[in-house]
Amino acid sequence: MDTAMKWFLSNIVALLAATTCTAAATTPPEATTVADTVYVTRVDTVYIHTSSAADSIADVAPYARRLDRYYKFWGRLIPRGVRVQYAGNMGMFSAGPTWIYGKRHWETSLMLGFVPKHNAHHGMLTMTIKQDYLPWSIHFDKVGLDFQPLATGFYFNTAFSHKLWVHQPSRYPKGYYWFATRLRSNIYIGERLKFNIPENRRKGLCRSISLFYELSTCDYYFIQKVKNSYITPDKWVTLSFGIQIEWL
Amino acid sequence: MHHTKLTISLCILACLTGVAGCDYINYHPYDVNIDGERNVNTKNMARIESQCLGKDTIIFAATGDTQGWYDETKDFVKDVNRRDSIMFVIHDGDLTDYGTEKEFEWQRNILNGLNVPYVCDIGNHDCLGTGKESFQKIFGETNFTFIAGRVKFINLNTNALEYDYDEAIPDLDYIESQDTLRAGEFDRCVVTMHAKPYSDVFNDNVAKSFQFHYLHGLPGLLFCINGHDHSLDQRDIFNDGVIYYQTPCIEKRQYYIFKITPSGYSYEVVSF
């Protein structure tokens, strides 16, 4: 783990556990006792248990294990990247955290975006939840590049506007419109180029920067494409670009 | 170093500005970012008025509910274009399924292929999301009137269900104002709308006063044209001799041709 993250986790646990903390400034050995404080070093974290000097390591272990499980669980939910996307029926610009898992083949991101006012009465804020799948990664060692020839997935977008609804307002007869104007479903395919930053040249948390493009469509346009030869790709396909910064 | 960063930033900005102009970039279906012609109704009404000026016989086509049927709409345009007699076209609403700006543009682009001017009423689907805003920018006001020859065409927004009392739908005062506006220039009236009285989106509470007080108040009311129900129909809804001619959706590949002469009017249903 990154040094900064380790420091963060250690401190959180220390704050939770140490009620009458008399912590020493230096990291103690494997398990030791100083006055009435027991220090247990596990993996990359220091647990501080304060009680009488008579307490043994055996008494501390179950609680430490539970704490360990607790922060490992929340640790898994820490976003491992951040993404900014331009266009794609989700707003002009959208940005938000990305969770990367499953041997880095799967990604989930939650983005907030905005639609400019243009000719409307007002602009809109949007929110998108996006699921990506990247089956392959071609590694170019010499230049520290990863080429991901296929990225595919789907995303759901909602726009915050009083003119749009998920459940149609009660004034309509039941089931009058079959669709929800506030909720759009989209699918996409695209590609990515990932620049890996060597460990000694990393600044901050950043370990790689990816550039991507996507071709997507939303349910509204796809349905019309199926029904009409008039709806050519320039009408139903949308192009978007983005950048993703990864850490962890 | 700073120069490099600035150059890169400017390049990215230039690229984004460049691609933003291309058809493949879309920010949102309900983004009202209009490409191409605007105020189509306003411009076309002026064309109709000047082309029909002094004519005592008026021949026009009526269609509607073209939403999502672009291929059929294109065929309709072709069919109208091969008939020289038609002077203009009335579309009685529902250009779109979802009220998105792109749908309006696609329909406008197809209908712009007509050799004659056309006007569009607003339909209930056209009101969805930001549809009202797109419609008003691309086509114009949702209640509009023009005079062809000596016949006044009053085109009304009757989609009350979509408005939740934001506006008066139908706007009865607007209809009343048409009794006398440009009084010397017309003798008879035709009323067009998307949804007819007693249909699910009309404000049925005012249906009788709409018909008996306001429409009958218009000088020389001939007939009404409506769409919405997707089927071909001619109906004397109020048993008062005023027929509502209902255009079928364009998928049915039928439309009306009306001929108004000094002595009366006739119509035919054309299949294509």
Original post:
Can you name the number of the only condition in (1) over 30 Å from B:D179 (Cα atoms); (2) within 14 Å of the chain's Cα centre (by Cα) that B:Y98 fails?
Top reply: (2)
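Restricting to segment B:108-134, what's the tally of residues that are in contact with a strand residue (DSSP E or B) (Cβ under 8 Å, 6 or more places away or on another chain) and within 14 Å of chain A (Cβ to nearest Cβ)? Even if it seems obvious, please write down each step before you answer.
First pass over segment B:108-134, keeping only residues in contact with a strand residue (DSSP E or B) (Cβ under 8 Å, 6 or more places away or on another chain): B:111, B:114, B:116-121.
Next, only the ones that are within 14 Å of chain A (Cβ to nearest Cβ) stay: B:111.
Qualifying residue count for the region: 1.
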Subject >> Filter result (within 26 Å of B:S231 (Cβ to Cβ) and within 13 Å of chain A (Cβ to nearest Cβ)) within segment B:81-107 >> reply: B:D94, B:L95, B:T96, B:D97, B:Y98, B:G99, B:T100, B:E103, B:F104, B:W106, B:Q107
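Mind checking which residues of segment A:196-236 are assigned to a strand (DSSP E or B) and either over 15 Å from A:R83 (Cβ atoms) or in contact with a His (Cβ under 7 Å, 6 or more places away or on another chain) (or both)? Let's see the steps before the verdict.
Of the residues in segment A:196-236, the ones assigned to a strand (DSSP E or B) are A:196, A:208-218.
Within segment A:196-236, A:N196, A:L215, A:T217, A:C218 qualify.
Looking at A:I197, A:I189, can you tell me which residue is modelled with pLDDT of 95 or more and among the aliphatic types (A, V, I, L, M)?
Numbers: A:I197 fails: modelled with pLDDT of 95 or more.
None of the other options fit; the residue is A:I189.
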Subject >> Top-ranked residue in segment A:237-248 [being crowded, with 16+ Cβ neighbours inside 10 Å and either hydroxyl-bearing (S, T, Y) or in a strand (DSSP E or B) (or both); ranked as farthest from the other protein chains (Cβ to nearest Cβ)] >> reply: A:E246
Original post:
On the given criteria, is A:R69 more than 14 Å from every other protein chain (Cβ to nearest Cβ) and assigned to a loop (DSSP other than H, G, I, E, B)?
Top reply: no
Original post:
With respect to A:D132, is the statement that it is assigned by TED's automatic domain parsing to the domain that holds A:P97, modelled with pLDDT of 95 or more and not small (G, A, S) true?
Top reply: yes
**OP:** Working carefully through the options A:N196, A:N228, A:N157, find the one that is polar (S, T, N, Q) and touching a residue at least 60 places away in the same chain (Cβ under 8 Å).
**Re:** A:N157
Original post:
On the given criteria, is A:G190 assigned to a loop (DSSP other than H, G, I, E, B), without any contact (Cβ under 8 Å) to a residue 60 or more places away in the chain and under 30 Å from A:H139 (Cβ atoms)?
Top reply: no
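How many residues are charged (D, E, K, R) and buried (at least 16 other Cβ atoms within 10 Å of the Cβ) if we restrict to segment B:138-180? Reasoning before the result, please.
Residues of segment B:138-180 charged (D, E, K, R): B:141, B:150, B:152, B:162, B:164, B:166-167, B:171, B:173, B:176, B:179.
From what is left, the residues that are buried (at least 16 other Cβ atoms within 10 Å of the Cβ) are B:150, B:152, B:162, B:171.
Residues in segment B:138-180 being charged (D, E, K, R) and buried (at least 16 other Cβ atoms within 10 Å of the Cβ): 4 in total.
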Original post:
Which residues, counting only those in segment A:121-145, are surrounded by 18 or more Cβ atoms within 10 Å (Cβ to Cβ) and outside any loop (DSSP other than H, G, I, E, B)?
Top reply: A:M124, A:T126, A:T128, A:K130, A:D132
Original post:
Within segment A:76-87, is even one residue within 14 Å of chain B (Cβ to nearest Cβ), part of a strand (DSSP E or B) and not aromatic (F, W, Y)?
Top reply: yes
Original post:
Just for segment B:45-63: of the residues that are more than 19 Å from B:C189 (Cβ to Cβ) and touching a Pro at 6+ places or on another chain (Cβ under 8 Å), which one is nearest to the other protein chains (Cβ to nearest Cβ)?
Top reply: B:R47
**OP:** Select, from B:K152, B:K208, the only residue that is more than 21 Å from B:T42 (Cβ to Cβ) and touching a residue at least 12 places away in the same chain (Cβ under 8 Å).
**Re:** B:K208
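The values are calculated or read from the model by the stated rules, or taken from the named source; none is laboratory data. Predicted model only: the values in this text are computed from it and were never measured. Neighbour counts are summed over all protein chains in view; Cβ atoms, including those assigned to glycine, are modelled from backbone coordinates with ideal geometry.
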